[in-house]
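Notes for the one structure printed next.
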């Protein structure tokens with residue numbers, strides 16, 4: 001089969017310093033589903049100081065501790081223009097929690113210190129003392145109900161250039177005011193949802209793969225994947241306390 | 001109110017709580033603390049050998065049990081918080097049950113297992129003579145927040161310690177200059193040889209491909225697990241090498257044994273009876289549910305507590321799956337942590353050849369999804385633990401069994417197993 005030779009390159013942003021909440025699950029799901037859809041996934045780990053690879057089809061990043069965010073800050077700004085170019089040309093990306101915030105315009109710390117983001121997403125984040133923790137369900141036009149787990153003290157507000165990923169049904173989401181969760185621009189999705197996000201929301205995973213495959217090869221034909229566990233895992237997760 | 005009164009009231013409440021069928025752990029402790037705020041501090045201050053705190057993310061309960069047994073081999077009478085109620089109310093309750101009505105504790109030394117947050121409160125009040133710090137790993141981040149914050153809590157415990165702090169030198173956060181640089185107590189360490197280090201990956205190495213060589217910064221006063229051959233280990237300390245045949249199995253339990261030995265060497269100093277302590281070391285066993293063997297139909301059924309990625313990964317590496325039927329039970333109650341993200345930081349490759357028989361617990365289907373993405377086959381999922389266990393015992397009949405389980409799942413499974421097998425009561 002010639003299809004099996006079609007490579008999809010998935011760039012894992014800062015696996016060493018930004019990996020604290022199990023967001024590796026997103027990489028694993030993209031890797032396996034790309035394979036099951038008939039592609040050859042290639043994972044590239046990108047850490048501060050590495051050469052940024054030439055061909056990238058999907059970009060994925062996760063959350064980190066404050067110390068991890070400090071370590072990647074300068075490097076992120078160095079590769080920021082490259083990432084912006086990729087985003088402008090519709091490269092699919094998924095960034096969770098810490099990197100979601102840093103993909104925005106800025107992050108204001110609790111002592112009012114401003115940390116500049118790389119501005120791919122038109123969002124602003126302000127640190128609060130209260131930590132928003134617990135199971136979350138959101139409703140998205142594009143992906144239906146999306147479920148996950150949030151754990152953040154930064155509250156994010158969307159400007160004109162960004163659309164929310166969905167509306168919160170249970171939990172808090174971006175902030176304690178407007179019931180939005182996540183942000184989207186072009187094919188870039190930012191979200192606070194861990195869980196990991198993609199295993200129980202494979203529609204998002206397949207959408208990312210479809211965008212990458214269509215952009216690179218002109219078309220996408222989904223494979224036949226056994227997703228029989230997904231509705232069960234979702235159903236049980238939604239029954240659990242916040 | 002005088003102290004004798006609070007002891008008597010506490011004992012009475014404990015008695016009533018037990019009659020009502022509770023374990024009698026938290027309520028009497030709460031009552032006595034309300035009556036006498038410095039109850040715990042005052043009781044512990046009278047002990048001739050003071051207080052020892054054992055903290056860290058993984059291994060506290062087993063290590064504390066081992067330390068108690070090693071110190072008893074030296075003729076010391078040891079007070080400990082056996083129930084695993086590792087907070088001050090639990091300590092107050094344990095004190096009550098060990099005291100006579102006059103409030104006198106028949107012990108020479110207190111050895112207390114404490115989680116990071118409670119360890120700080122107790123340490124700053126009680127000023128422990130010795131503290132053993134096992135590791136700082138990701139654990140229930142939904143409750144404690146960041147791992148660096150956890151390290152800061154442990155640093156406060158170490159700062160409040162007067163005589164000696166013993167750290168796991170293979171834990172980069174504990175052996176950092178930042179952590180030990182400003183301590184007034186003597187610092188000593190325990191760990192594994194570089195050869196064994198590959199088998200003990202830390203959380204920091206989780207997503208990077210090569211494991212860095214970690215060298216001890218401390219040349220003296222180090223107790224090292226040099227090599228492992230079956231259940232036999234080589235231990236080096238003080239310029240000596242000793243071979244010890246252990247009863248405990250599993251890498252992490254062996255490392256806990258080494259940590260316990262390092263701590264007890266420090267506590268005893270020159271008064272140590274080394275032969276007796278090594279003999280006691282060879283006899284220590286893990287705490288309940290931490291590699292504990294329960295005999296079901298003449299075959300072992302091993303319970304392995306897993307509560308965070310580091311512990312689960314070590315558990316999977318510590319026990320050879322060959323020949324064993326495996327069940328995994330994942331609950332998401334408050335005590336287990338509600339966030340399932342951690343399952344995605346555990347690699348299940350070692351289970352690929354033989355697969356998993358049964359998956360259970362409130363998040364059984366999250367676990368099943370995790371295995372699907374790891375190409376590990378499984379026979380059956382039932383989120384109900386009673387039914388899950390029943391299925392497992394049937395499908396695994398005639399085979400030794402192993403159950404990886406989160407905390408509340410472990411407690412429920414022990415209760416169920418207690419109906420068909422001899423399960424030690426946890427007091």
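A few comments on the model shown:
- Test result for residue B:352, more than 10 Å from chain A (Cβ to nearest Cβ) and more than 22 Å from the chain's Cα centre (by Cα): yes
- No other residue among B:289, B:259 is touching a strand residue (DSSP E or B) at 6+ places or on another chain (Cβ under 6 Å), under 30 Å from residue B:422 (Cβ atoms) and at pLDDT below 95 apart from B:289.
- A search for C-beta distances below 9 Å between a residue of region B:305-332 that is free of Cβ contacts under 8 Å to residues at least 12 places away in the same chain and any residue that is surrounded by fewer than 24 Cβ atoms within 10 Å (Cβ to Cβ), counting only pairs 6+ apart in sequence or on different chains, returns B:320/B:350.
- Condition met for residue A:189 (part of a strand (DSSP E or B) and either more than 23 Å from residue B:338 (Cα to Cα) or in contact with a helix residue (DSSP H, G or I) (Cβ under 8 Å, 6 or more places away or on another chain) (or both)): yes
- Against the criterion of being touching a residue at least 60 places away in the same chain (Cβ under 8 Å), in contact with a strand residue (DSSP E or B) (Cβ under 8 Å, 6 or more places away or on another chain), closer than 13 Å to residue A:96 by Cβ and at the interface with chain B (Cβ under 9 Å from one of its Cβ atoms), residue A:190 does not qualify.
- Filter pass, residue A:241 being within 13 Å of another protein chain (Cβ to nearest Cβ), surrounded by fewer than 18 Cβ atoms within 10 Å (Cβ to Cβ) and touching a residue at least 40 places away in the same chain (Cβ under 8 Å): yes
- Restricting region B:324-348 to residues that are at pLDDT 95 or above and either away from chain A (no Cβ under 12 Å) or at positive phi (or both), the residue that is surrounded by the fewest Cβ atoms within 10 Å (Cβ to Cβ): B:324
- Within the option set B:413, B:369, B:343, B:393, being assigned to a helix (DSSP H, G or I), free of Cβ contacts under 8 Å to residues at least 24 places away in the same chain and not assigned by TED's automatic domain parsing to the domain that holds residue B:93 holds for one residue only, B:369.
- Unique residue being under 27 Å from residue B:312 (Cα atoms) and away from chain B (no Cβ under 14 Å) when the list is A:95, A:60: A:95
- Inter-residue pairs, beta-carbon under 8 Å, first more than 13 Å from residue A:182 (Cα to Cα) and away from every other protein chain (no Cβ under 11 Å) and in region A:125-154, second outside any strand (DSSP E or B) and at pLDDT below 95, 6+ apart: A:127/A:109; A:127/A:110; A:128/A:110; A:129/A:110
- Residues satisfying the criterion are absent from region A:156-173 (criterion: in contact with a helix residue (DSSP H, G or I) (Cβ under 9 Å, 6 or more places away or on another chain), within 11 Å of another protein chain (Cβ to nearest Cβ), buried (at least 17 other Cβ atoms within 10 Å of the Cβ) and not in a helix (DSSP H, G or I)).
- Residues of region A:107-117 include at least one that is under 17 Å from residue A:175 (Cβ atoms), assigned to a strand (DSSP E or B) and more than 14 Å from chain B (Cβ to nearest Cβ).
- Test: residue in region A:137-146 that is outside any strand (DSSP E or B) and surrounded by 15 or more Cβ atoms within 10 Å (Cβ to Cβ): yes
- Answer residue from region A:197-229, given it is more than 14 Å from chain B (Cβ to nearest Cβ) and more than 18 Å from residue A:7 (Cα to Cα) and is surrounded by the most Cβ atoms within 10 Å (Cβ to Cβ) among those: A:204
The values are calculated or read from the model by the stated rules, or taken from the named source; none is laboratory data. Note that the structure is a prediction, hence the values are computed from the model and not measured. Counting neighbours? That spans all protein chains shown, and the Cβs are built from the backbone with ideal geometry, glycine included.
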